[in-house]
Amino acid sequence: LRRSSGAATFLPLTDLTNVPADGQPRQFPVIADRVDAWTGFKAEPIGAVYVKREEGSDRVEALSATCPHAGCFVELDKAAGCFRCPCHNSSFTLDGGIVAPSPSPRSMDSLECDVSKSGAVSVKWQNFYSGTEEKVARK
């Protein structure tokens, strides 16, 4: 069986013009080719991230949309100004920090971002183990 190395890779997400300039996060799918045993799948969603842009800047930050508690997808609650996990009621600030009380053992997982000179936003995509205090990348 062919298996991927698990090494993190920068993957294209969007253009900087699609990231709100007001500091509000926006969710983007992470698209890549994947192999399931011997079957290859081209350009499929393999995850999602929230990207936010500092007001008045081209600097962006990304958070994995996967809850570090049990691996469910975190939703943006714009009205409350936070992220919420629908599975076990974990809540996080817009910067990804834990809102107590929370069953999540750690903050949302940050991901390295890059913005090219042409404005292309890429993210260093990684999956992390859920349920642990320490942020450990899956291999």
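The values are calculated or read from the model by the stated rules, or taken from the named source; none is laboratory data. For clarity, every value in this text was computed on a predicted model and none was experimentally measured. Using ideal geometry, Cβ is built from the backbone for each residue, glycine included, and neighbour counts are taken over all protein chains shown.
Every test in (1) closer than 28 Å to Glu134 by Cα; (2) under 15 Å from the mean Cα position of the chain (by Cα) is passed by Val19 save one, and that test is (1). Restricting region 47-75 to residues that are small (Gly, Ala, Ser) and in a loop (DSSP other than H, G, I, E, B) leaves a set whose member that is surrounded by the most Cβ atoms within 10 Å (Cβ to Cβ) is Ala65. For first residues located in region 77-88 and in contact (Cβ under 8 Å) with a residue 24 or more places away in the chain and within 17 Å of Val51 (Cα to Cα), partners that are surrounded by 11 or more Cβ atoms within 10 Å (Cβ to Cβ) and of a type in the set (A, V, I, L, M) and lie 6+ apart or on another chain with Cβ distances below 6 Å form the pairs Phe83/Val74; Phe83/Leu76. Would you check which residues across region 81-125 are of a type in the set (Ser, Thr, Tyr) and either touching a Gly at 6+ places or on another chain (Cβ under 9 Å) or in a loop (DSSP other than H, G, I, E, B) (or both) and list them? Passing the criteria: Ser90, Thr93, Ser102, Ser104, Ser107, Ser110, Ser116, Ser118.
Residue check: is Glu44 surrounded by 14 or more Cβ atoms within 10 Å (Cβ to Cβ) and touching a Lys or Arg at 6+ places or on another chain (Cβ under 8 Å)? No: the conditions fail for Glu44.
Assess whether Arg84 counts as being touching a Pro at 6+ places or on another chain (Cβ under 6 Å), at pLDDT 95 or above, over 20 Å from Val30 (Cβ atoms) and not aliphatic (A, V, I, L, M). In short, no. For region 119-131, the criterion of being surrounded by 14 or more Cβ atoms within 10 Å (Cβ to Cβ), among the aromatic types (Phe, Trp, Tyr), under 20 Å from Glu54 (Cα atoms) and at pLDDT 95 or above is satisfied by no residue at all.
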